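> Below you will find the structure I want to go over with you.
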Amino acid sequence: MKVTKKNIDDLEAILGPSHVLKDPKQVQEYSKDWSKPQETFASCVLLPNHTEEISKILAYCQKHQIPVVPSGGRTGLAAGAVAKQGEVILSLGRLNKVLNVDPVGLTVEVEAGVTTQALQEAVAKESLFYAVDLGARGSSQIGGNLATNAGGLKFIRYGGTREQVLGLEVVLAGGQVLNLNRALRKNNAGYPLMYLFVGSEGTLGVITRATLKLSKKPRELTLACVGVETFPKVVDLLALSHQSNMSVTALEFFSDLAVGKVLISFSGLKLPFAERFPYYALIEIEEDLSSLSMEQFLETAFEKELIRDAVLASSSQEFRDLWALRENITESLSHGYVRKNDISLSIKDLCVFFEKVNKTLEKKDPKIEVVMFGHIGDGNVHVNYSADRLVDHDTFIKEAQLLERRIFSIVHELKGSISAEHGIGLLKKDDLKLVCEELEISYMKGIKQLFDPKGIMNPGKIFDL
Ligand code: FAD
Ligand code: MLT
Ligand code: ZN
């Protein structure tokens, strides 16, 4: 369906002209996310500021069969918020209020356009803690986090976004407003529809408001960075952390190649070791007098020859700098060509996965680098194919796709998933069948048709109808 001038005039009548962007440069900006698509095409950008406006917009769009792309902070990595077919973009950025912190029930009610960081900071003022954290926190929005079911850096301890949600307000394709789960911690009345919207990537409706769980502020956090000789030893370190009964709040790993990219892009950052190691891990724990201290843990790890070197962050600056080595990998890779995989495996299969991947990589084109990092404590490995821009783009894509095929077949063999946390969006939809059986996909399509019979909500994302 083509969006006409009359449609745009009608949408302006709902929102006021200053809240409909038509300037091609601005529209183009909003039609991209962090997956950095080559070609995009949107009709206009809508900037509503409350649920009623969104309801009117969607009722209008359904009536006129206008496709709508819900848009958050556009930090997504699966092209979920990308517009390619002249859609209207519905940006949630003006719904940015933290409405209500409940220090007794340990909940917070927020509008969907609040950034992850703004939420974290707002609840920190009440000495509380919002547990989902990710490198994109400054731009990613709660609506986007919910729509992608973002995982992030503290998943090992607190779970992902799905584990935090207690209530949702959603506007459906026809403009109806659904209030789901009443912000209750316990509620077994019927099917839990709320969870359908978490991870739905804007294809079922627009999330406008959410009530989320808060946690108590962690006690003092201790962070160590360790150098490790082999990947299996990183996994053994994870096992040791479980045995030690420590309160682990994050356990991340990155390869030397990955951190090398950060050291090139961020000249102010340094590796805290005199020599380089093939792998590094960051271990963050909440200090707890009843369990092993970080020093004791590292001592045991040395005795068992799991680690070659270790440093403890001894100031808040060192704490931030060590985390920066991990968090800046995404940004550093974005300076060249990159194709990203976001793989999930049973933790027991991680070592076999690495063995098989390394064998596969023996035959790869030397111009393509394979950069590994991720949330190892959750079985989530980010495999990134990367090349500098001196390589011809078409050659890069061809070679990266070839490698991706081989890696995905290993993931398939090991019954893993091709999306641990970034979602399917436009980029992975051809591979959904590697993770979900035909019957499962047909039920997903049935749900899509039930909520969005005219197919206006983010069409072409996750699957084609
Ligand atoms: P967008 O990119 O704007 O949109 C993502 C999807 O959600 C799209 O399909 C869009 O249509 C839909 N959507 C957005 N808002 C709404 C809404 N209100 N209602 C309905 N649908 C909506 N992801 C992780 O899971 N873990 C990480 O550790 C992590 N780290 C990152 C680090 C960096 C540096 C970057 C750039 C990205 C990272 N990401 C990570 C990916 C990304 O930040 C997450 O997917 C995030 O949740 C996207 O939020 P957003 O607001 O930017 O959503
Ligand atoms: C991360 O863990 O840093 C994110 O998921 C981003 C990425 O995969 O690049
Ligand atoms: Zn991640």
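The values are calculated or read from the model by the stated rules, or taken from the named source; none is laboratory data. Please read these numbers as outputs of a predicted model, since none were measured by experiment. Using ideal geometry, Cβ is built from the backbone for each residue, glycine included, and neighbour counts are taken over all protein chains shown. Surface areas here come from the heavy atoms of the whole protein model, side chains and all, with no ligands, DNA or RNA. Shrake-Rupley method; radii C 1.70, N 1.55, O 1.52, S 1.80 Å.
> In whole Å, what is the distance between the alpha-carbon centres of region 339-361 and region 382-399?
20 Å
> Still on this model: At 1.4 Å probe size, what's the solvent-accessible area of residue 300? Round to the nearest 10 Å².
About 40 Å², rounded to the nearest 10.
> Of the DSSP beta bridges with both residues in the chain, give the percent that are antiparallel, rounding to the nearest 5.
For the chain, the DSSP antiparallel bridge percentage is about 85.
> Once every DSSP H run of n ≥ 4 in the chain is given -39500 (n - 2.57) and the sum is divided by its residues, what mean residue ellipticity at 222 nm do you get, rounded to the nearest 500 deg cm²/dmol?
When only DSSP H runs of four or more count, the value is -9500 deg cm²/dmol.
> For the chain, with every protein chain kept in place, what is the accessible area per residue (1.4 Å probe, Å²)?
Solvent-accessible surface per residue comes out at 45 Å².
> Please work out the Kirkwood hydrodynamic radius for region 51-154, using every pair of different C-alpha atoms, and report it in angstroms with one decimal place.
14.8 Å
> Once amide H atoms are built 1.01 Å from N in the peptide plane, which residues 5 or more positions from residue 341, or in another chain, come under 5 Å H to H?
383, 384, 385
> Turning to a different aspect of this structure: Please arrange 11, 21 by accessible surface area, largest first, computed with a 1.4 Å probe and ligands excluded.
The ranking, largest first, comes out as 21, 11.
> Where does helix 231-243 land angle-wise versus the long Cα axis of the chain, in degrees 0 to 90, nearest 10?
The angle comes out at about 90 degrees.
> Considering the dipole of the chain built from charges on the beta carbon (Lys and Arg +1, Asp and Glu -1) around the Cα centre, which of 333, 294, 1 is farthest to its positive end?
1
> Applying the Karplus parametrisation 6.51 cos²θ - 1.76 cosθ + 1.60 with θ = phi - 60° to the phi angles of region 305-315, what ³J(HN,Hα) value in whole Hz is obtained for each residue in order, glycine and proline being reported as x?
Values per residue, Gly and Pro as x: 6, 7, 10, 9, 7, 8, 10, 10, 5, 10, 8 Hz.
> Here's a follow-up. Quick one: 3J(HN,Hα) in Hz for region 375-389, Karplus 6.51/-1.76/1.60 with θ = phi - 60°, rounded, Gly and Pro as x.
Using θ = phi - 60°, the values come out as 8, 4, x, 10, x, 10, 10, 8, 9, 10, 8, 9, 8, 6, 6 Hz.
> Taking only the Cα atoms of region 1-100, how large is their convex hull per residue, in Å³?
Given the Cα convex hull of region 1-100, per-residue volume reads 102 Å³.
> Among rounded, prolate and oblate, which fits the chain when a ≥ b ≥ c are the square roots of the eigenvalues of its C-alpha gyration tensor, a/c under 1.5 means rounded, and a/b larger than b/c means prolate?
The shape class here is prolate.
> Mind pulling the angle between the C-alpha long axis of helix 5-15 and the longest principal axis of the chain? Nearest 10 degrees, somewhere in 0 to 90.
80 degrees
> Another one. After finding the eigenvalues of the alpha carbon gyration tensor for region 156-287, what semi-axes result from the square roots of 5 times each, listed largest first in whole Å?
The answer is 40, 20, 13 Å, longest axis first.
> If you don't mind, another one. Round to the nearest 10 and give me the degree value, 0 to 90, for the angle of helix 393-413's Cα axis relative to the longest principal axis of the chain.
70 degrees
> List the GluC sites (Glu not before Pro) in region 250-320 that DSSP assigns to loop (not H, G, I, E or B) and whose Cβ has at most 12 other Cβ atoms within 10 Å. Which are they?
Filter output for region 250-320: 275, 305.
> Percent of accessible area on the chain owned by carbon and sulfur, 1.4 Å probe?
51 percent
> Can you tell which of 423, 380, 227 lies farthest toward the positive end of the dipole of the chain, using +1 and -1 charges on the Cβ of basic and acidic side chains (Lys, Arg; Asp, Glu)?
So the residue furthest toward the plus end is 423.
> Now a separate question. Take the alpha carbon atoms of region 80-137, find their center, do the same for region 409-465, and report the distance between the two centers in whole angstrom.
25 Å
> For region 345-465, give the magnitude of the charge dipole about the Cα centre (Cβ charges: +1 Lys/Arg, -1 Asp/Glu; no others), in debye to the nearest 20.
That gives region 345-465 a dipole magnitude of about 140 debye.
> List the chymotrypsin sites (Phe, Trp or Tyr not before Pro) within region 232-279 that fall in a DSSP loop (any state other than H, G, I, E or B) and whose Cβ has at most 16 other Cβ atoms within 10 Å.
Here the sparse-neighbourhood loop sites are 266, 273.
> From the residues 122, 105, 90, which one has its Cα farthest along the dipole of region 86-195 in the positive direction, the dipole being from +1 and -1 charges on Cβ of Lys/Arg and Asp/Glu about the Cα centre?
Of the listed residues, the answer is 105.
> For 246, 444, give the ranking by accessible area with the largest first, probe 1.4 Å.
444, 246
> For region 214-227, what does the Karplus curve 6.51 cos²θ - 1.76 cosθ + 1.60, with θ = phi - 60°, yield as ³J(HN,Hα) per residue in whole Hz, taken in order and with x for Gly and Pro?
10, 10, 5, 4, x, 5, 4, 9, 10, 10, 10, 10, 10, x
> Taking only the alpha-carbon atoms of region 352-465, what semi-axes of the equivalent ellipsoid follow from 5 times the gyration tensor eigenvalues under a square root, in whole Å, largest first?
30, 18, 12
> Which value, in Å² rounded to 10, gives the accessible area of residue 137 with a 1.4 Å probe and all protein chains present?
50 Å²
> Next question, about the same structure. Which trypsin sites (Lys or Arg not before Pro) does region 1-76 hold that lie in a coil by DSSP with at most 14 other beta carbons within 10 Å?
2, 22
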